[in-house]
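Asker: One structure, pasted below without further comment.
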Ligand SMILES: [Zn+2]
């Protein structure tokens, strides 16, 4: 996607203090969950520095075998969300609104600014109003009830699935076998599309920037991550693994290798040291060679010891 036209995204997820209890990450009820925008942690190619890595890659950094690591991630970004609660009775009503449904009164009026409480002020007829209102329920937003205690196993499985998706994408890009690459892409498409059922676009007006933006209703944090992957896969950047720290990141340039100048420097220093030690080694052997018969004698002596 072109950087200039990349739309402004927003979404809502919740985070707060967490506790670890018998294999679960719990957000204690007495601690208030704070709403944040997970898309603040999405950096499309060309929009950020190499060090600003997006949420799916930060998720993959977590050592899921270490519960403290999982807790630290959950404290920063919230739990992943209870998949059992991923049900919205009104989700499908958009497709098939029952014709005889009685609209709930006042549902739309709540959304209308107080200075224009009358539908006539908006230039709507009562009939128009009913029509709009009938469709309104499908626009329900998810709430923080989704943030139920999370089992470590759930976290591990979700992480494994995202790793498979990233690996599949990279393998399909690198494969020279066209048939195999096609098969991998088809699998990836099916997999990601299934996960994208947990996000839904909403048209929202951003009064701050005075423009229409896309708000993503998010029924699981993982859903938001798959959406970010979708854009990264479609974009011009490459999802890479840093040869030094082994972390995933989005390469901003066709020649990009390392996730950060830090890793690039560390690898450079390491290469230099290796080269130096090889040269030292060579010097040592040539010294021994210069030692001539003495060296050989010593070797023989040491062998007999
Ligand atoms: Zn690195």
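Quick note: the coordinates plus some simple rules give every number you see, no bench work behind them. In this text the structure is predicted, and so the values were computed from the model without any measurement. Note that we place each Cβ from the backbone using ideal geometry, even for glycine, and neighbour counts take in every protein chain shown.
Asker: Taking the mean number of other Cβ atoms within 10 Å as a proxy for protection, how do you rank 50-61, 201-212 from highest to lowest? All intermediate terms of the calculation are to be shown ahead of the outcome.
Answerer: On the way: 50-61: 19.6, 201-212: 10.3.
Ranking the peptides 50-61, 201-212 by packing returns 50-61, 201-212.
Asker: Using packing as a proxy for protection, rank 227-236, 20-29 so that the peptide with the highest average count of other Cβ atoms within 10 Å comes first.
Answerer: On the way: 227-236: 19.1, 20-29: 14.4.
Ranking, from highest mean packing down: 227-236, 20-29.
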